[in-house]
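Peer 1: First the structure, which I've put down as structure tokens, then a few questions once you've had a look.
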Amino acid sequence: MYSIQRTFRSSCSKARQILRQRQMLKPLLVSLFGLILINSQSYAKDKSDFSAELALESRFFLEQGLQQQARFQPSVRSLFEYQARVDDNSFHLAVFGRLDDQDPQRSHADIREAYWTHVADGWEMKMGISKVFWGVTESRHLVDVINQTDLVENPDGEDKLGQPMLKFAMERDWGNLDIFWLPYFRERTFPGKEGRLNALPFTPDTDSPVFESSAENWHSDFAVRYAISLNNLDLAISHFSGTSRQPVFFLDNGFPTVSPVYKQIDQTGLELQYIVEEWLLKFEGITSSGEYQRYSAAVFGFEYTQVGVFDSFADLGWIVEYLFDDRQHQKDYRKMALHSFERDVFLGWRYAFNDADSSEILTGVIYDPKTEEAFYSF
């Protein structure tokens, strides 16, 4: 009986996975159709461009992992990009892929971008798969909620999966207004058992996600953002309503659930950036409801830039930020933060070469004064 049940669950899991893959083909086919349509016209006007990257990469660790993972983790990365423009219409395609020698979960391919854009007088329309970035701070991007994090690529959350969307944007004297319809939700990727840099003490079951909405991946999410520049002040207000990009793992009899749980949230965000000579003052704040309780979080600080350091064309920036979250680590998991940055300080330095390739070095440390833990990045 146990063998039959296990086989049945395995078959159901594979069936759900195949179904999700087929469902994901719908927005991809729409984007590919747009590629063929514009490509057929662009050859005549010679307004297309293609580029490709192929790289060998490797991670090296001083010690074996907690589960005896290898110290050496080589991989192959590729990125193919295509752009075409015909009058007021353009198309952009970016396909990313990685083949990892150690972690099968990190071997994956993704259409980062495949979108059509129409630009008119004072407004534009974008349809397809795209990436959108919101935020002004360096240590954390609280308001950046449109795209899902590709966690197998990098644990810092900077790499994002492509998001199917329909975007309408207006640019007027009173500011810029962006409206998003997000018809399909993409689940977060996690390193496998053989992978490294997994922040969780267990391996999530990505084949059996749990959704609060009965529509699951096909729940329609909506977002709106208003931005305006007032002299030296850049201000943006945004609101998102839909499936949280951050999954939760609640406790059941003292043990965390293996399946990621995606809840419905409403999040309002505020971005502020003010320039005073060499000083750049920054603020990001959100208030969010849906993950058991309403909470607020913020990142604020400054960046001071020394222009032409060492008698060169380079600039050196000094960055200080404070990370705040009104949730803390408590016994009740419903009141716990989903990260470890509740009362932390970020110290960083940015060295900008100001060359043709916009080369720069950004390094820093996030320090928790209470636990004396430190997270370094370079």
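Peer 1: Return the residue satisfying two criteria in turn: it lies in region 218-249 and is closer than 29 Å to Arg59 by Cα and assigned to a loop (DSSP other than H, G, I, E, B), and of such residues it is farthest from the chain's Cα centre (by Cα). Spell out the reasoning first.
Peer 2: First, the residues of region 218-249 that are closer than 29 Å to Arg59 by Cα: 245-249.
So of that shortlist, the ones also assigned to a loop (DSSP other than H, G, I, E, B) come out as 245-247, 249.
Numbers: Arg245: 9, Gln246: 10, Pro247: 13, Phe249: 19 Å.
Applying the filter and picking the extreme gives Phe249.
Peer 1: Quick one: in region 250-275, of everything that is over 23 Å from the mean Cα position of the chain (by Cα) and among the hydroxyl-bearing types (Ser, Thr, Tyr), which residue is modelled with the lowest pLDDT? Spell out how you get there, then give the answer.
Peer 2: From region 250-275, those over 23 Å from the mean Cα position of the chain (by Cα) are 251-257, 274-275; that's our starting set.
Adding the requirement that they be among the hydroxyl-bearing types (Ser, Thr, Tyr) leaves 257, 274.
Working: Thr257: 61, Tyr274: 97.
Looking at the filtered set, the residue picked out is Thr257.
Peer 1: Continuing with this model, one more query. Specify the residue that is most open to solvent (accessible area, probe 1.4 Å); the eligible residues are those in region 204-217 that are closer than 23 Å to Gln67 by Cα and either part of a strand (DSSP E or B) or touching a Phe, Trp or Tyr at 6+ places or on another chain (Cβ under 7 Å) (or both).
Peer 2: Thr206
Peer 1: Check Ala215 against each of (1) closer than 24 Å to Val136 by Cα; (2) more than 19 Å from the chain's Cα centre (by Cα) and name the one condition it does not meet.
Peer 2: (1)
Peer 1: Where residues in region 83-122 are hydroxyl-bearing (Ser, Thr, Tyr) and modelled with pLDDT under 95, which of them is surrounded by the fewest Cβ atoms within 10 Å (Cβ to Cβ)? First the steps, then the outcome.
Peer 2: Going through region 83-122, the residues hydroxyl-bearing (Ser, Thr, Tyr) turn out to be 90, 107, 115, 117.
Restricting the remaining residues to those that are modelled with pLDDT under 95 gives 90, 107.
Working: Ser90: 19, Ser107: 16.
So, considering only residues that are hydroxyl-bearing (Ser, Thr, Tyr) and modelled with pLDDT under 95, the one surrounded by the fewest Cβ atoms within 10 Å (Cβ to Cβ) is Ser107.
Peer 1: Restricting to region 149-178, count the residues that are in a loop (DSSP other than H, G, I, E, B) and either within 18 Å of the chain's Cα centre (by Cα) or without any contact (Cβ under 8 Å) to a residue 24 or more places away in the chain (or both). Reasoning before the result, please.
Peer 2: Just the residues of region 149-178 that are in a loop (DSSP other than H, G, I, E, B), to begin with: 151-159, 161-162, 173-174.
Next, only the ones that are either within 18 Å of the chain's Cα centre (by Cα) or without any contact (Cβ under 8 Å) to a residue 24 or more places away in the chain (or both) stay: 151-159, 161-162, 173.
Number satisfying all stated conditions: 12.
Peer 1: Scanning for something of a type in the set (S, T, N, Q), over 24 Å from the mean Cα position of the chain (by Cα) and either at pLDDT 55 or above or open to solvent by less than 70 Å² (accessible area, probe 1.4 Å) (or both), does region 49-62 turn up at least one residue?
Peer 2: no
Peer 1: Residue under question is Phe310, and the condition is that it be at pLDDT below 90 and either hydrophobic (A, V, I, L, M, F, W, C) or within 17 Å of Asp144 (Cβ to Cβ) (or both); does it hold?
Peer 2: Taking the combined requirement at face value, the residue satisfies it.
Peer 1: Also, quick follow-up: Can you go through Glu342, Glu321 and tell me which one is modelled with pLDDT of 90 or more, touching a strand residue (DSSP E or B) at 6+ places or on another chain (Cβ under 7 Å), closer than 20 Å to Asp144 by Cα and of a type outside the set (Lys, Arg)?
Peer 2: Numbers: Glu342 fails: modelled with pLDDT of 90 or more.
None of the other options fit; the residue is Glu321.
Peer 1: Consider region 273-294. How many of its residues are assigned to a strand (DSSP E or B), touching a residue at least 40 places away in the same chain (Cβ under 8 Å) and in contact with a Lys or Arg (Cβ under 7 Å, 6 or more places away or on another chain)?
Peer 2: Start the filter on region 273-294 by keeping residues that are assigned to a strand (DSSP E or B), which leaves 273-276, 279-289.
Then drop every residue that is not touching a residue at least 40 places away in the same chain (Cβ under 8 Å), which leaves 273-276, 282-286.
From what is left, the residues that are in contact with a Lys or Arg (Cβ under 7 Å, 6 or more places away or on another chain) are 273.
So the answer is 1.
Peer 1: Let me ask something else about it. For region 179-200, indicate whether the set of residues that are open to solvent by 40 Å² or more (accessible area, probe 1.4 Å), more than 29 Å from His118 (Cβ to Cβ) and in a strand (DSSP E or B) is non-empty.
Peer 2: The initial filter retains those residues of region 179-200 that are open to solvent by 40 Å² or more (accessible area, probe 1.4 Å), namely 179, 181, 186, 193-194, 197-200.
Okay, now just the ones that are also more than 29 Å from His118 (Cβ to Cβ), so 193-194, 197-200.
Adding the requirement that they be in a strand (DSSP E or B) leaves none.
No, region 179-200 has no match at all.
Peer 1: From the set of residues in region 303-328 that are part of a loop (DSSP other than H, G, I, E, B) and not hydrophobic (A, V, I, L, M, F, W, C), which is surrounded by the most Cβ atoms within 10 Å (Cβ to Cβ)? Lay out the reasoning, then the answer.
Peer 2: Step one: filter region 303-328 for residues part of a loop (DSSP other than H, G, I, E, B), giving 308, 312-314, 326-328.
Remaining after also requiring not hydrophobic (A, V, I, L, M, F, W, C): 308, 312, 326-328.
On the way: Gly308: 11, Ser312: 10, Asp326: 15, Arg327: 18, Gln328: 11.
Checked region 303-328; the qualifying residue surrounded by the most Cβ atoms within 10 Å (Cβ to Cβ) is Arg327.
The values are calculated or read from the model by the stated rules, or taken from the named source; none is laboratory data. Here the structure is a predicted model, which is why all the values come from computation and not from measurement. All Cβ positions, glycine included, derive from the backbone under ideal geometry; neighbour counts span all protein chains shown. These accessible areas exclude ligands, DNA and RNA; they are computed on the full protein's heavy atoms, side chains included. Shrake-Rupley method; radii C 1.70, N 1.55, O 1.52, S 1.80 Å.
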